[in-house]
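The values are calculated or read from the model by the stated rules, or taken from the named source; none is laboratory data. Bear in mind that the values here come from a model prediction, so they are computed numbers and not experimental data. Cβ placement follows ideal geometry from the backbone for every residue including glycine, while neighbour counts extend to all protein chains displayed. Remember, those area values only see protein heavy atoms, side chains included, never the ligands or the DNA or RNA. Shrake-Rupley method; radii C 1.70, N 1.55, O 1.52, S 1.80 Å.
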Amino acid sequence: VKSRLQHACDAGALATRRSMSGSTPTAADISEGNKYFNFTFRSGMFGVPSSKVSKGFTAGTAPGTINGTASAEVGFTMMRIFDFDSIDLDVTCTATVSIPNTDIMFVLDVTGSMEDTPSGDSTTKLAALKVATKDFFRELGPGTASGAGRIRYGFVPYASNVKVGHL
């Protein structure tokens, strides 16, 4: 039971952290973590009703870190003859994102063909490229200003023929 409770805590903390777009979790982020926890440790599993399970996911001390706790009161059947009705199990978990220093170089095609609109689509290739580039940046973010976690971006517009020499 404790192992499965630990798995559920880990899943909830990871889901909460993955759902976050900033450095602190919102109610929606925590709700996402609770869904993963509840899926992994379902009510009634191992004879433990949801009323005997508690969980919580909060912001950790380091930016972007989630701390989780979970506990369950597990009732006994056979151990009652020794005057043990139940046992409380407690677990903790942590999730964080650790991005090393990273250099990302975009080579963006801005030639005339990018003004075409693919069949079945409503936007030009260039407009879609702009959206994809912004989404990529939004997903990784700016990184830290210095130290570990720096992300440096570079952009090379590809606007004319390139001679790569003999391949």
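Entry note, region 1-80: relative contact order of 34 percent, from Cα contacts under 8 Å with a spacing of 6+ residues. Accessible surface area normalised per residue over region 27-167 is 71 Å², counting heavy atoms of protein chains with a 1.4 Å rolling probe.
Projecting the Cα atoms of Ser43, Thr16, Gly33 onto the dipole axis of region 1-159, where Lys and Arg carry +1 and Asp and Glu carry -1 at the beta carbon, places Ser43 farthest toward the positive end. Estimated from the Cβ-Cβ distance and a Förster radius of 30 angstrom, the FRET efficiency linking Ser86 and Asn34 is about 0.80. Axis angle, to the nearest 10 degrees, between helix 27-40 and the longest C-alpha principal axis of the chain: 60 degrees. For region 137-142, putting each phi into the Karplus relation 6.51 cos²θ - 1.76 cosθ + 1.60 with θ = phi - 60° gives couplings of 5, 4, 5, 8, x, x Hz, in residue order, rounded to whole numbers and with x for Gly and Pro. Please report, as a whole percent, how much of the solvent-accessible surface of the chain comes from carbon and sulfur atoms (probe radius 1.4 Å). With neighbouring chains kept in place, the figure for the chain is 57 percent. Pairs of Cα atoms nearer than 8 Å and 6+ residues apart set the relative contact order; for the chain it is 20 percent. Label reach from Ile151 (point 7 Å along Cα→C-beta): in region 48-64, amide nitrogens under 18 Å belong to 63-64. A simple spin-label model places pseudo-atoms 7 Å from Cα toward Cβ; at Val1 and Thr144 they are separated by 4.2 nm.
For Phe106, the amide hydrogen comes within under 5 Å of the amide hydrogens of Gly154, Phe155, Val156, counting only partners 5 or more places away or on other chains and with H modelled in the peptide plane. Distances between placed amide hydrogens fall under 5 Å for Ser86 paired with Phe76, all partners being 5 or more residues away or on another chain.
Per-residue Karplus couplings for region 81-92, computed as 6.51 cos²θ - 1.76 cosθ + 1.60 with θ equal to phi - 60°, are listed in order as 5, 9, 6, 10, 7, 7, 9, 9, 10, 10, 9, 10 Hz, Gly and Pro entered as x. A Förster distance of 35 Å, applied to the separation of the beta-carbon atoms of Tyr158 and Ala27, puts the FRET efficiency at 0.20. Which FRET efficiency value, to the nearest 0.05, do you get for Ala62 and Arg42 by plugging their Cβ-Cβ distance into 1/(1 + (r/R0)^6) with R0 = 41 Å? Efficiency, rounded to the nearest 0.05: 0.85. Straight-line reach from Lys55: taking Cα to Cα under 15 Å and skipping same-chain neighbours fewer than 8 places apart, the aspartates and glutamates in range are Asp10, Asp29, Glu32, Glu73, Asp88, Asp90.
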